[in-house]
Amino acid sequence: MEVREHLVRGAAELGLTLTGEALDRFSVYFRRLVDYNQKVNLTAITTAEGVAIKHFLDSLSCLTAYHPPEGASLVDVGTGAGFPGVPLKIARPDLRVTLVDSLRKRMTFLEELVRDLGLDQTELVCARVEEVGRRAEHREAYDVATARAVARLSVLCEYCLPLVRVGGTFLAMKGSEGGQEAGQSIEAIRTLGGDLIRTPWFALPLAGDQRTIIVIAKRLATPAGFPRRPGVAEKRPLS
């Protein structure tokens, strides 16, 4: 079964419909990912079924927890091989997407991918996210921030909430432990200007693995001292 067949079935389980153009782009994405993975380690998952379910559909699940406004700006932190930012852009071409990662080899792959897929309004930033969060052009500049399996939630909040405008939303993608992590991170979320809204969980389509999407609203401006310098959040998390 090809990637697009898995996507059609899985998207239906999520309550989403993908256009023919989107399915074509996902097929190209899969081929580019597998080819590039032979020279740069981007993922351990390389089968059509595995990539469709555990990368593409997992990424698209964000749209079941939160529906970004038309034309919203979205920053994907620690994007790696483009997850979830690129699948979200494919499914929602109206989004203005910024992909942030500190590894140049990944950025080179994404540069080629974005060009091959013809994704306009897609910016690539190769830098530590702590540095990006202090740049005027990025600080509190985005309607939505996303992060997938990058770090524990309190650390993720320090990375992502400084990038989200007041009134915006941060979506943290987690596994089955997401609800517990959210409860343990309340003080960190509040310190950084956020408010925990909900932690919906769902079964990953066609696989059944439990996933959690933590939805955090940005209520207040993040204090000027955050994010701290690179490495500090991981060594001394807020909670």
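The values are calculated or read from the model by the stated rules, or taken from the named source; none is laboratory data. Since the model is a prediction, treat every value here as computed from it, not as a measurement. Please note: Cβ atoms are built from the backbone with ideal geometry, for glycine as well, and neighbour counts cover all protein chains shown. Note: areas computed on protein heavy atoms with side chains; ligands, DNA, RNA excluded. Shrake-Rupley method; radii C 1.70, N 1.55, O 1.52, S 1.80 Å.
Below is a table of values for the structure above.
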{"item": "Matching residues in the range 32-68 - criterion: being in a helix (DSSP H, G or I) and of a type in the set (D, E, K, R)", "result": "ARG32, ASP35, GLU49, LYS54, ASP58"}
{"item": "Count - residues of the range 6-31 that are β-branched (Val, Ile, Thr) and either surrounded by 17 or more Cβ atoms within 10 Å (Cβ to Cβ) or assigned to a helix (DSSP H, G or I) (or both)", "result": "2"}
{"item": "Answer from PHE56, PHE30, PHE109 - the residue that is more than 30 Å from GLU131 (Cβ to Cβ) and aromatic (Phe, Trp, Tyr)", "result": "PHE30"}
{"item": "Residues located in the range 85-138, provided they are part of a loop (DSSP other than H, G, I, E, B) and in contact with a helix residue (DSSP H, G or I) (Cβ under 6 Å, 6 or more places away or on another chain)", "result": "LEU95, LEU119, GLY133, HIS138"}
{"item": "Yes/no for LEU192 being open to solvent by 40 Å² or more (accessible area, probe 1.4 Å) and among the aliphatic types (A, V, I, L, M)", "result": "no"}
{"item": "Residue match in the range 88-110 (condition: at pLDDT 95 or above and in contact with a His (Cβ under 6 Å, 6 or more places away or on another chain))", "result": "no"}
{"item": "Residue list for the range 209-223, filter: open to solvent by less than 50 Å² (accessible area, probe 1.4 Å) and part of a loop (DSSP other than H, G, I, E, B)", "result": "THR222"}
{"item": "Qualifying residues in the range 72-93 (those that are among the small types (Gly, Ala, Ser) and out of contact with any strand residue (DSSP E or B) (no Cβ under 7 Å at 6 or more places or on another chain)) - the one surrounded by the fewest Cβ atoms within 10 Å (Cβ to Cβ)", "result": "ALA81"}
